[in-house]
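Read the structure below first, then the notes.
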Amino acid sequence: MRTGAIARTSSWFDERLGAARFVNRNLRKIFPDHWSFLLGEIALYSFVILLLTGTFLTFWFQPSMEHVIYDGSYAPLRGVRMSQAYASTLEISFEVRGGLLIRQIHHWSALMFIAGMMAHMLRVFFTGAYRKPRELTWVIGVTLFALALLEGLTGYSLPDDLLSGAGLRVTEGVLMSVPLAGTYLTFLLFGGEYPGEDVVSRFYALHILLIPGVLLALISVHLVLMWVQKHTQMPGKGRTRTNVVGAPLYPAFMAKTAAFFLFTLAVVAGLGTFAQINPVWLYGPYSPADISAGSQPDFYLGFLEGALRLMPAWEVNLFGGAHAGTVPLSVVVPALVPLGLVLTGMLLYPFAERWITGDNREHHVLERPRNHPHRTSIGMTAVVFYGVLWLLGANDELAATFHVSLNAITVAGRVLVIAGPVLAYAVTYRICLGLQRADARLVGHGVPSGVIVRLPGGAFTERHTPLSEDAEAHLRGKEPVPVLTTGAVRARLSAAYGGEKVPLDGDDRSLPR
C-alpha cells in the first residue's frame, strides 16, 4: 500500500516535471523512530511558528523611539508620554483583534525554540551524534544556538517597556566594559549617549531581517546535511553502520511529523491563551531614571544575569590608573567568560575527542550516555555550571522568598559555581559505571523475575528470565571507546578518556566497584 502511494506520487511529479527518479528516491528515504529525535522537531516547528506570528506583528509594530502621548484604550496609561514602540505594543495588545494572543504565542514560541534547541543539543552531545561525518552539522547547530540567544535579546528589547529597558541597560553596561572598543560599540548600537534614539529601530532590523535570515539559511543547510548524510539511530536489533531501520518519508514520517507540528502549535497556542507572559502594560514605558523591582530576563539569559551577580567587584587599572585604562572585570568576565567557555567548548569538542581517541571511523549508530562515562560527565559538568549561574540570577528573589541573607546566597553561589561542576563530574561518572554494571548483569544473568525458589541444598535464590532479542541487541550495541598507544601526552589522555570501563560480558566479581 505504501509502495503504491509512493509510485502514484512519483508518477504525478514525473508527468509534470520529469522528476520521478528524484522524487521516488527521496520519498523512500528511511527515518528511524525514537522519542528523543522529536526534540529537534520541537525547535524547528517553534521557529516556523515564530516566523508566522512575527510576520503578523510587523504589520502594527512601530520601531521608533519618537515620543508620543498615549491616548489608547488602556486607561491607566492615558496621557503618559512614551515611545511609539511602546504605544504600538499596547495597541497590538488591546486594540488589534487577536493581537495579544499572537504576541503571547510569539513569546512562548521563542522560549520553546531555545529550550528545544538546548534539549536537542544535549541529546546530540550525550549520544555522540556529533562524531564523523557530522562535525559540520554540530558546528552549525552551535552557531544557531548563539544566534538564537541574540535573536531573543533583540526581540525582548523591542517593546521599550520598563522591564526590557532594564535589560537593555545591562547590555549597554556590558558593551561599555569592552576594553578599547566599548565606547565605539555603544555609540554604534544606541546612536549616541544611552539610551539614544536608534536602538529600537536597529534592534528591529536585526530581529526581523538579518538574524532570521541567517537562521533560516543555517537551518536549511542543517536540514540538507541531515538529509544527505545517513540518519543516526539508536543501537538495537538489526541496526548497523550500513543500514537505517525505520519508516519511509512518505507517508509514515510525513504523517507523524505533520501531527507533531500540530501538537507543538497546540501547546504554544494553549500557553499563549492561558499563561500570561510579558504583560508590558503593567511595567509602563521605559525611563532611564526608573527600574522595576525583581526584574529578571527570560530563562535563556538567566545564566548571564547570575554571572554578573556572583562576580566580585574587581577591576584592573592600566596606564597608571587613568580612567580610559580601567577594565571592569566584574562586568567583562561574567559577560564573556561563561558563554565563551560553553560555546567554544561545544565547537571544539568533536575535534578534541577525535584527536584524543584517534577515532576516524564514520559513526551512524548512537551511543547510550552511560557507555561513554567521561563524555557524559563532561556534559553534566556544563549543565550544572549553567544551572548554578541560572539559579543565582534570581538571588534576590531567593533571599526574599526563603528569608535568607542575600550576601550568604551570593557567597554560596560563588562556591557552588566551582564545586558544583566538579561534584557533578564525579557523581555522574560513578552513576555511569553503576549503570554499566547493571547492564552487564542483565546480559549475564537475565532479568529478575521476582520468583524466589529454594534450591535442593536449602538456599533461596531468585529466578531470572532471559532478555528479549530487542533488549539484548540494544545492550550489546555498546562499543569500547578507542584508545591510542602512540605519543606520550596523547596516549595518557586517550587511556584515561577511552577504553572499556566495564566489560559487558565480564563476571560480576571482576567488575569495578
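Key figures
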| quantity | calculated |
| --- | --- |
| log₁₀ of I(q)/I(0) at q = 0.16 Å⁻¹ - segment 434-513, Debye sum with one point per alpha carbon | -0.74 |
| Dipole-positive endmost among Gly79, Thr89, Ala115 within segment 54-148 (Cβ charges, Cα centre) | Ala115 |
| Rounded accessible area per residue of segment 217-350, 1.4 Å, Å² | 52 |
| Segment 359-513 pair-distance distribution - Cα-Cα, 5 Å bins, rounded % | 2, 8, 11, 13, 13, 12, 10, 8, 8, 8, 5, 1, 1, 0 |
| 5 angstrom amide H check on Thr326, placed H, neighbours 5+ away | Leu318 |
| Selection from Ala496, Pro350, Ser295 lying farthest towards where the dipole of the chain points positive, charges on Cβ | Ala496 |
| Per-q log10 I(q)/I(0), segment 35-181, q = 0.12, 0.14, 0.17, 0.19 Å⁻¹ (Debye; single scatterer per alpha-carbon; no solvent) | -0.65, -0.81, -1.02, -1.13 |
| Amide proton proximity set for Val447, modelled H, under 5 Å, gap of 5+ | Thr465, Leu467 |
| Over segment 238-393, equivalent-ellipsoid semi-axes from the Cα gyration tensor in Å | 41, 31, 13 |
| Proximal aspartates and glutamates relative to Lys230, as straight alpha-carbon distance under 18 Å, when same-chain residues fewer than 8 apart are discounted | Asp33, Glu41, Glu135, Glu362, Glu367 |
| HN-Hα J in Hz across segment 200-209 - Karplus 6.51, -1.76, 1.60, θ = phi - 60°, x for Gly and Pro | 5, 5, 6, 4, 5, 4, 5, 6, 9, 10 |
| Under Karplus coefficients 6.51, -1.76 and 1.60, residue-wise ³J(HN,Hα) of segment 148-154 in Hz, glycine/proline x | 5, 4, 5, 4, x, 4, 5 |
| By accessible area with a 1.4 Å probe, ligands and nucleic acids excluded, highest first: order of Arg103, Arg454, Arg430, Arg492 | Arg492, Arg454, Arg430, Arg103 |
| Nearby lysines by direct alpha-carbon distance to Lys501 (threshold 18 angstrom, same-chain neighbours under 8 apart not counted) | Lys478 |
| Option label - Cα extents along the principal axes in Å computed here, alternatives (1) 64, 51, 41; (2) 61, 60, 43; (3) 91, 71, 51 | (3) |
| Extended-chain gain in nm, criterion 0.36 nm per residue less alpha-carbon gap, Val80 and Ala459 | 127.9 nm |
| Sequence-distant aspartates and glutamates (8 or more away, or on other chains) whose Cα lies within less than 12 Å of Lys237 | Glu469, Asp470, Glu472 |
| In nm, spacing of pseudo-spin labels at Glu479 and Ala352 (7 Å Cα→C-beta vector) | 2.3 |
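The values are calculated or read from the model by the stated rules, or taken from the named source; none is laboratory data. The structure displayed is predicted, hence computed values, not measured ones. Neighbour counts run over all protein chains shown; Cβ positions are idealised from the backbone, glycine included. Accessible surface is based on the protein model in full, side chains and every heavy atom, while ligands, DNA and RNA are left aside. Shrake-Rupley method; radii C 1.70, N 1.55, O 1.52, S 1.80 Å.
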